[in-house]
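Right, one structure below, let's go through it.
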């Protein structure tokens, strides 16, 4: 694996040098009269250790403290068909194909595109701005990054077991299904992409997207693990220049077949449904954005831990838990000098209450986050950024986190 | 009567002589103040025309972006490295424009004198955000919609690279000179710099940032055109 990582890094540097001449490259590398276009980005982020795991992603990395190298490519096979892909390595531990899909335009004169493969998320605004250049801050929004305690391959037997995992989404374990401790899922995963088919039709003021994929918004998958497909839609309206209003929906089977079987659930739908609303308005040197995501999961609950042996329940689930989470986010960016900007984001992530033996309590610990920062362009495609992030979680331990983070970002 | 005619004829002759004398002196004086000027003309041969920048692969996009124009990258700029002192006395404030149309700047290369006002009108239905981080001129016009325009005054000689913060494939060059002795080539690579005073000059051809060819040229005292071709790699 290390050999592959080293080869990838060398290839990345080679491409950068090819494009660079005597300075850092600023344009993508092209071959074959523009048929092959290769871009790259590198980000080094530094921050103190996050002992409370506020900023960990589903790749088990602290997003404020990582080295990331990415290489994207687009190959225009014909006038109608392009192949797109991305290879990325984080902290040089492995190379992952984050994206690999074909983009087909059946009618060249119409803005109708079909994408097939490991495709970008349909849901939400942020996945299209998740790359560091488009994200005004170093941290990610809670809805798209923060790990709840829920897992698709493991289930709590009781409400008490779920409540014991409050605020422990970075390493969650339950007794039904896979009992190996693993990270949980965010409300919407912007870092891993789903596999399936996506169709987008665009007009001047309206873009409509629909997709059918293997995973769910919180648990994208390359291969299906439960036989259920997710249907996702997004409507983006641009009534005037600078204003984008987006509405997203996603619904699919969440719990893996293995976990359902372990819980004794023969019938029923144990899925995730997510609804999102986002607004962006920009003018002059300002960009303001607001996001709301509501996610609901249905989980089969065995009802008593005693009936679970080696991860398998001896009887059918007694009830279905309906779990909700709501994430609200507001952010703004202001360019106060050429090449210098300030940005801030305020967020809240809340959960509905379930009743355990000690009474009703949110099934996961609510989180608040404030991040304030800024960036300075050293050159057009090199940004130095710094941010201060404050996190607060409603748990007895590891309930606060304050971080000053720095990032150097380069792309071509 | 005859004497009156004689006097009148004498007055006419004297007046004519005076006019001729003053006029001749005046024209001799002008000739002494304004030396003959010439022009430098020729062709810039661009051996390898740079390909227009492509959009970065839009991996996160839900479909193909809207079509755009492809900029013409064949324009070079020829200019005098040094200029006579009186070339810096012109204090006019010219006004020119760089359009933003179909996600492309028109023209791609603009050469101006210091003090020139450059308008950046947006003719697209989407926002643009023109900016530059060049040493000669650092500015950020912010986002503005179709039909709006913003203006930048270029006061310092130098090379200014202009970009759009929203569309990374959009770029243009503004070359700012402190004298008027420069020209942008046409689509055939031809140029002409007029009104160059007699003397010997270093003349350079610039192409897309770094490709330069510098040559020496002499405008003879009697003026006239001088041919000078360049090759940029």
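No lab work stands behind these numbers, since they all come straight from the coordinates. This is a predicted model, so every value here is computed, not measured. As a convention, Cβ positions derive from the backbone with ideal geometry for all residues, glycine included, and neighbour counts pool all protein chains shown.
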Mean-position separation - Cα centroids, the range A:22-63 and the range A:103-137, in angstrom: 18 Å
The range B:155-233, relative contact order in percent, only Cα pairs under 8 angstrom and at least six apart counted: 19 percent
Kirkwood estimate for the range A:120-183, i.e. one over the average of 1/r between Cα atoms, Å: 13.5 Å
log₁₀ of I(q)/I(0) at q = 0.21, 0.30 Å⁻¹ - the range B:114-156, Debye sum with one point per alpha carbon: -0.67, -1.05
Rg/Rh ratio calculated on Cα atoms of the range B:131-233 (Kirkwood radius): 1.05
Chain A: relative contact order in percent, alpha carbon pairs under 8 Å with at least 6 residues between: 14 percent
Rounded tilt (10° steps) of A:2-20 against the dominant C-alpha axis of chain A: 30 degrees
Alpha-carbon radius of gyration plus Dmax, which is the widest Cα pair, for the range B:41-99 in Å: 19.6, 58
Cα pair distances exceeding 21 angstrom across the range A:39-117, given as percent: 46 percent
Pairwise centroid distance, computed over Cα atoms, of the range A:171-216 with the range A:256-282, Å: 10 Å
Pair residue A:382, residue A:171: separation of 7 Å Cα→Cβ label points (nm): 3.9 nm
Shielding of B:134-144 by partner chains, average beta-carbon count, 10 Å: 4
Ratio Rg/Rh, restricted to the range B:136-195 and using Cα atoms, in which Rh is the Kirkwood radius: 1.04
Intensity falloff of the range A:153-223 expressed as log10 I(q)/I(0), Debye formula with alpha-carbon point scatterers, at q = 0.16, 0.26 Å⁻¹: -0.70, -1.17
Förster radius 35 Å - calculated FRET efficiency between residue A:292 and residue A:94 (Cβ-Cβ, nearest 0.05): 0.55
Compactness of the range A:236-301 as Cα Rg over 2.2 N^0.38 Å, two decimals: 1.70
Segments B:220-233, A:40-53 sorted - mean Cβ within 10 Å per residue, highest first: A:40-53, B:220-233
Cα→Cβ-extended label distance, 7 Å offset, between residue A:304 and residue A:397, nm: 3.0 nm
Binned Cα-Cα distance frequencies in the range A:67-193 - 5 Å width, integer %: 2, 9, 14, 15, 17, 14, 11, 8, 5, 3, 1, 0
Stokes-Einstein D (µm²/s) once Rh is taken as the Kirkwood radius of the range B:194-233 over alpha-carbon pairs, at 25 °C in 0.890 mPa s: 218 µm²/s
Residue mean of other protein chain beta carbons inside 10 Å, B:159-168: 2
Stokes-Einstein D in µm²/s, Kirkwood radius over Cα pairs - the range A:262-360 at 37 °C with 0.692 mPa s viscosity: 191 µm²/s
Cα-based equivalent ellipsoid of the range A:302-412: semi-axis lengths in Å, sorted from largest, via gyration tensor: 44, 16, 13
Label-point separation, residue B:192 to residue A:116 (7 Å along Cα→Cβ), nm: 5.9 nm
Ratio Rg/Rh [Cα only; Rh per Kirkwood] for the protein assembly as shown: 1.17
Rounded D (µm²/s) - the range B:94-166, Kirkwood Rh over Cα pairs, Stokes-Einstein at 4 °C, 1.567 mPa s: 106 µm²/s
Distance from the range A:286-305 to the range B:89-153 (C-alpha centre basis), Å: 47 Å
Solvent-free Debye scattering, log10 I(q)/I(0), computed from the Cα coordinates of the range A:117-269 at q = 0.11, 0.17 Å⁻¹: -0.49, -1.02
Footprinting exposure proxy for A:147, B:141 (fewest neighbouring C-beta atoms within 10 Å first): B:141, A:147
Gaussian network model of chain A, Cα within-10 Å springs - most flexible of A:207, A:78, A:216: A:78
